[in-house]
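Just below is one structure, and these are the notes that go with it.
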């Protein structure tokens, strides 16, 4: 392994300089100079360049707010089917907003006594009964 300065990592970030992104509007941010950065992770041309998101920061830095912003922008354009699994309630307002817009929202709270349970092995018997019908991902 080799040590590196935090500045080297910052230089790798396109938002730090004057980059304008890919030009496909999907998600819009602003670079250091106030210019727009646009990219669209659901566009087939941008998907290879933006396949993953690494969002980090200390508590209260706006990570959840940024993700809510991303979800709002993507939902406005594509209306994707979203499955959001979280430990807190960071996306509660987003689900309320989506419901107000007429989107179908199904909120499930996994807690003792809630009547909701997960059965990860519900179809395990199919592996023995009809192994040829079971497809792997």
Residue check for residue 85: in contact with a helix residue (DSSP H, G or I) (Cβ under 8 Å, 6 or more places away or on another chain) and part of a loop (DSSP other than H, G, I, E, B): no
Every residue from the range 88-99 that is over 22 Å from residue 60 (Cα atoms) and not in a helix (DSSP H, G or I): none
Index of the failed condition, residue 136 passing every other in (1) at pLDDT 90 or above; (2) part of a loop (DSSP other than H, G, I, E, B): (1)
Among the residues listed as 60, 115, 102, the single one being modelled with pLDDT of 85 or more, on the phi > 0 side of the Ramachandran plot, over 19 Å from the mean Cα position of the chain (by Cα) and part of a loop (DSSP other than H, G, I, E, B): 102
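Among what's in the range 32-57 and is over 11 Å from residue 21 (Cα atoms) and touching a helix residue (DSSP H, G or I) at 6+ places or on another chain (Cβ under 9 Å), pick the residue that is modelled with the lowest pLDDT.
Filtering the range 32-57 for residues that are over 11 Å from residue 21 (Cα atoms) and touching a helix residue (DSSP H, G or I) at 6+ places or on another chain (Cβ under 9 Å), the one modelled with the lowest pLDDT comes out as 53.
The values are calculated or read from the model by the stated rules, or taken from the named source; none is laboratory data. Computed from a predicted structure; not experimentally measured. Every residue, glycine among them, receives a Cβ derived from its backbone with ideal geometry; neighbour counts consider all protein chains shown.
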